[in-house]
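Here's the structure we're looking at; comments come further down.
The values are calculated or read from the model by the stated rules, or taken from the named source; none is laboratory data. Since the structure is predicted, the reported quantities are computational estimates derived from the model, not experimental observations. Note that each Cβ is placed from the backbone with ideal geometry, even for glycine, and that neighbours are counted across all protein chains shown. Side chains are part of the model used for accessible areas, which takes the heavy atoms of the whole protein and leaves out ligands, DNA and RNA. Shrake-Rupley method; radii C 1.70, N 1.55, O 1.52, S 1.80 Å.
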Amino acid sequence: MERSERTARWLVDEGLAFVASCADDLAAGSELSAATALRARGLTADRANLVVDVAAARLRARGRWPDADVLLFTREALEQASDPVVSSWRAHRLASAGAGSLWDLCAGVGGDALELARHGSVEAVDRDPVRAVLLTHNARVLARLVHARVADVRSVTVEPGARVHVDPGRRDGDRRLRRLAELVPPVDTLIERFGPDVTASGSLAIALPPAVALEDPVLTEHASVAQIEFLQVGATLVEAVLWLGAVVERPDVRATLLSRDAPPLVRTRAGEPASLAAGPVGGVLVDVAPAAVRARLHTQIGQEIDARRVDERRALLTCDAIPPPSPWYRRRHVEAVLPVRGRRVREWLRQADERPVEIVLHGVDGTDSSWWERFGRPARGPAGRRAEVVRTSTGAEVIMTVSIGDEPTQP
């Protein structure tokens, strides 16, 4: 939705009370009724629509953003913003890598810029004037020193030694972009534009889609000087980062587990991934943290716990004995290994206790709902039994598992 800079300036100068009251109205009713109430209070359509959008974004931000009730987002900007835990980690790494100026490019409404500004003054650049207005407001209410400017980042010049963060656009309409040459701006363009000035004595951090392939041509071209980091918050892989310059002690691929209330955990892989043979399903199924899987650390983890792959094409591991607890994987007892036939699975479930069933697919066609229908529509839920439907080199099988009771919570 197109919005004007003029409307955004009205919002931060005169409309904050409308945002607060609208957030309360949205919590109790619909967006249509909230917009109607705003129009009845004399707001124009564009002002009312912006207030509703910002108020709805505020409601969504609560729980993740400690200062959500004083910050201003749009829903689109909030969806594109990194988790605050991720922004804090990247800012910490950049701030620790020298003393050059701090830059946030493709800054949006300022999630990363606000974290960088904990470590010094930040130059923030975005081509959207509305987002620049909201960013300036957000910096002001948090008393952070951020200078926001409206420009295409490809026209910006940074001085040698600068510490630069860039979060290029990862969507084309509703389509998620994964190839680095498709991002906006493309990652190779960003490296060409900023690399020569930054990487000699400064640092460059480029946020990437979490599903980026390590074989992407941009990554392989710079593998000898870069670090690729996959970031996980809780049990969810949320982002990847390409690091270049002084922040890279040595080129590698790493996985980092982030938490809101515990120190980060980091595992590093230098060189080619370890090899791990496939074999029959044992007494325990091991589900490796997704960040470690993307970094191809699951084979190294498997060697450490005497595990094997369920199939040579899968990251799912299995052991004969229960491995020690670890935040890097989840352990599940194997109850049964069944042929992937609906009737056989239904018979087994009828004879088992009545735990709810969660269906997890590994390389098979269909959706969990279609497999749920096929398995006789058992009670569903994440805290009971898992039916792991796994594609193997010889076909497919269903592995019934239950969680091991003393399983630690991943950060």
Which cross-chain or sequence-distant (5 or more) residues have an amide H under 5 Å from the amide H of Ser201, H modelled 1.01 Å from N in plane?
Gly161
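Rounded to the nearest 20 debye, what is the charge dipole size of the chain about its Cα centre when +1 sits on each Lys and Arg Cβ and -1 on each Asp and Glu Cβ? Please report the intermediate quantities before stating the final value.
Working: 54 positive and 56 negative charges, 159 e Å.
Once rounded to the nearest 20, the dipole reads 760 debye.
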Measure of size requested: the Rg and Dmax of segment 153-247, with Cα atoms as the atom set and Å as the unit; please supply both.
13.1, 39
What is the extension gain from Val70 to Arg179, computed as 0.36 nm multiplied by their sequence separation minus the C-alpha to C-alpha distance, in nm to one decimal?
35.7 nm
What list of ³J(HN,Hα) couplings, whole Hz, do you get for segment 108-125 from phi and the Karplus terms 6.51, -1.76, 1.60, once you set θ to phi - 60° and write x for glycine and proline?
x, 8, x, x, 6, 4, 5, 6, 4, 5, 5, 10, x, 5, 10, 9, 10, 10
Only four residue types carry charge here, +1 at the Cβ of Lys and Arg and -1 at the Cβ of Asp and Glu. Report the dipole size of segment 15-150 about the Cα centre in Debye, rounded to the nearest 20.
180 debye
Sequence order, segment 226-233: Karplus ³J(HN,Hα) from phi using 6.51 cos²θ - 1.76 cosθ + 1.60, θ = phi - 60°, Hz rounded, Gly and Pro as x, gives 10, 10, 10, 10, 9, 10, 10, 10
Using only the heavy atoms of the protein chains and a 1.4 Å probe, how would Thr394, Thr136, Thr318 rank by accessible area, largest first?
Thr394, Thr136, Thr318
Measuring from label point to label point, each 7 Å out along Cα→Cβ, what is the Val360 to Arg344 span in nm?
2.1 nm
Once the Cβ-Cβ distance between Glu221 and Ser101 is put in as r, and R0 is 30 Å, what FRET efficiency do you end up with, to the nearest 0.05?
0.65
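Under a 1.4 angstrom probe, counting protein chains only, how are Glu373, Glu397 ranked by accessible area, largest first?
On the way: Glu373 100, Glu397 45 Å².
Solvent-accessible surface, decreasing: Glu373, Glu397.
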Loop-located trypsin sites (Lys or Arg not before Pro) in segment 174-224 whose Cβ has at most 16 other Cβ within 10 Å (DSSP):
Arg178, Arg179
Lys/Arg +1, Asp/Glu -1 at C-beta; the chain dipole; positive extreme among Ser96, Gly195, Ala396
Ala396
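How high is the relative contact order of segment 270-318, in percent, counting Cα pairs under 8 Å that sit 6 or more residues apart?
Over segment 270-318, the number comes to 49 percent.
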Please give the per residue accessible area of segment 1-129, computed with a probe of 1.4 Å over protein heavy atoms only, in Å².
45 Å²
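For segment 122-183, what does the relative contact order come out to in percent, with C-alpha contacts under 8 Å and a separation of six or more?
Details: 50 pairs, mean separation 18.8, N = 62.
Answer for segment 122-183 is 30 percent.
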For segment 21-178, what Kirkwood radius comes out of the mean inverse Cα-Cα distance, in Å?
16.6 Å
Give the long-range amide H neighbours of Glu335: residues separated by 5 or more places, or on another chain, with amide H under 5 Å away, using H modelled in the peptide plane at 1.01 Å from N.
Met400, Thr401, Val402
Per residue value of the accessible surface for segment 264-383 (all protein chains in place, 1.4 Å probe), Å²
53 Å²
Quick one, what does Rg over Rh come out to for segment 182-301 if you take C-alpha atoms and the Kirkwood Rh?
1.01
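Based on the Cα coordinates of segment 89-216, what is the per residue volume of their convex hull in Å³? Present the calculation step by step, with values, prior to reporting the outcome.
Numbers: hull volume 13.7 nm³, N = 128.
Taking only Cα atoms, segment 89-216 has a hull volume of 107 Å³ per residue.
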Using a simple spin-label model with points 7 Å from Cα along the Cα→Cβ vector, what separation in nm is obtained for Asp320 and Ser21?
7.2 nm
Which residue, Thr299, Val266, Val281, has the largest displacement toward the positive end of the dipole of segment 257-303 when charges sit on each Cβ (Lys, Arg +1; Asp, Glu -1)?
Val266
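For every helix of n ≥ 4 consecutive DSSP H residues, a contribution of -39,500 (n - 2.57) applies; sum these over the chain, divide by its total residues, and give [θ] at 222 nm rounded to the nearest 500 deg cm²/dmol.
-9500 deg cm²/dmol
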Please report the spacing between the Cα centers of segment 213-273 and segment 1-75 in Å, no decimals.
37 Å
Can you give me the accessible area per residue for segment 142-221, using a 1.4 Å probe, in Å²?
47 Å²
Which label marks the calculated value of mean projected area of the Cα convex hull in nm², given the options [x] 24.5; [y] 22.0; [z] 20.8?
[y]
Segment 221-345: antiparallel bridges as % of DSSP beta bridges, rounded to 5, reads 75 percent
Of the accessible area of the chain, with the probe set at 1.4 angstrom, what percent is carbon plus sulfur?
48 percent
Treating only the Cβ atoms of Lys and Arg (+1) and Asp and Glu (-1) as charged, compute the dipole magnitude of segment 144-257 about its Cα centre; round to the nearest 20 debye.
340 debye
Report Rg(Cα)/(2.2 N^0.38 Å) for segment 237-319, keeping two decimals.
1.21
Spin-label pair Ser33/Ala274, simplified geometry with 7 Å Cα→Cβ offset, distance in nm
5.8 nm
Length-normalised contact order of the chain in % [C-alpha pairs under 8 Å, at least 6 apart]:
9 percent
Rank Ala55, Thr318, Gly384 by how far each Cα sits towards the positive end of the charge dipole of the chain (+1 on Lys, Arg Cβ; -1 on Asp, Glu Cβ) and give me just the farthest.
Gly384
Phi-derived 3J(HN,Hα) across segment 156-166 with the Karplus relation (6.51, -1.76, 1.60, θ = phi - 60°), rounded Hz, x for Gly and Pro, is 8, 10, 10, 7, x, x, 5, 10, 10, 10, 10
For a Förster distance of 51 Å, can you work out the FRET efficiency between the beta-carbons of Arg250 and Ser369, rounded to the nearest 0.05?
0.65
Solvent-accessible ranking of Trp89, Trp103, largest area first, probe 1.4 Å:
Trp89, Trp103
